[in-house]
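Accompanying notes for the structure given below.
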Amino acid sequence: MYPLIEIKTVPIEIEMKVSPARLEYARGTAQMEISRDKGSLSIRSQPIRVNIDTFEARNTVMPTTATLIRQQAQAGREGAYQATAVLAREGRMMMEARIGQQVIPQLAKQQNIGDPTSLSIEFLPGASPDISWEGGEMSIRYEMDKLNFDWRMEQMSFTFVPGDIEFTMTQRPDVIIKYVGGPLYVPPSSDPDYEPLDVNA
């Protein structure tokens, strides 16, 4: 008699993929920018400046109103002092007059004769003009062109990639049961190859 059932097992299949660890780096790049600043030339000149003040010189030839008032006031004070001195001198002469002395005719003679008059005409100014000056100035400023260099350096970067283990199941485990026998007839007599059993033998 041969077996009627065939049992077959399918083992599991696993695929393993290993990626080793690695170190990745990126090289740095350098960039340079050049800019130019233009120079300049500036010249500053200031000429000499002369200041002439002729007020005092003109005031001696043609006095102003304030100067005339001041001069007249001074002349008035001097005239008052002189008149006071004359009156004091004449009064003293009268007080000290002696009998028979002719004081009054003497005073009248002095008043009529008086001091000699002197005329002086001036056409030139009595004061010189005030002259002052400020020195000239010249300044020159020159700046050369400038070149500016701008360096931009990118640093080298490192990246560590760790290792990796990948498991892939390509075949699941399985059990295959197969019936390898012939068909079963119920009742057994329906089998075309049925042979009755000899119970007497």
Seminar exercise, completed: Counting only residues that are closer than 30 Å to Pro11 by Cβ and surrounded by 10 or more Cβ atoms within 10 Å (Cβ to Cβ), the range 152-177 contains a total of 5
For this session: Go through the residues of the range 191-201 one by one and say whether even a single one is loosely packed, with under 10 Cβ neighbours inside 10 Å, at pLDDT below 80, of a type in the set (Gly, Ala, Ser) and over 30 Å from Lys8 (Cβ atoms).
Result: yes
For this session: Check the range 49-61 and report whether any residue there is surrounded by fewer than 10 Cβ atoms within 10 Å (Cβ to Cβ) and not in a strand (DSSP E or B).
Result: no
For this session: Would you be able to say whether some residue in the range 141-153 is modelled with pLDDT under 80 and hydrophobic (A, V, I, L, M, F, W, C)?
Result: yes
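Residue by residue, here is whether (1) open to solvent by 90 Å² or more (accessible area, probe 1.4 Å); (2) part of a loop (DSSP other than H, G, I, E, B); (3) out of contact with any helix residue (DSSP H, G or I) (no Cβ under 8 Å at 6 or more places or on another chain); (4) at pLDDT 75 or above holds:
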| site | (1), (2), (3), (4) |
| --- | --- |
| Tyr25 | yes, no, yes, yes |
| Ile43 | yes, no, yes, yes |
| Tyr81 | yes, no, yes, yes |
| Ala97 | no, yes, no, no |
| Gln101 | yes, yes, yes, no |
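The values are calculated or read from the model by the stated rules, or taken from the named source; none is laboratory data. Bear in mind the structure is a predicted one, so any value in this text is a computation, not a measurement. Reconstructed Cβ throughout: ideal geometry from the backbone, glycine too, with neighbour counts over all protein chains shown. These accessible areas exclude ligands, DNA and RNA; they are computed on the full protein's heavy atoms, side chains included. Shrake-Rupley method; radii C 1.70, N 1.55, O 1.52, S 1.80 Å.
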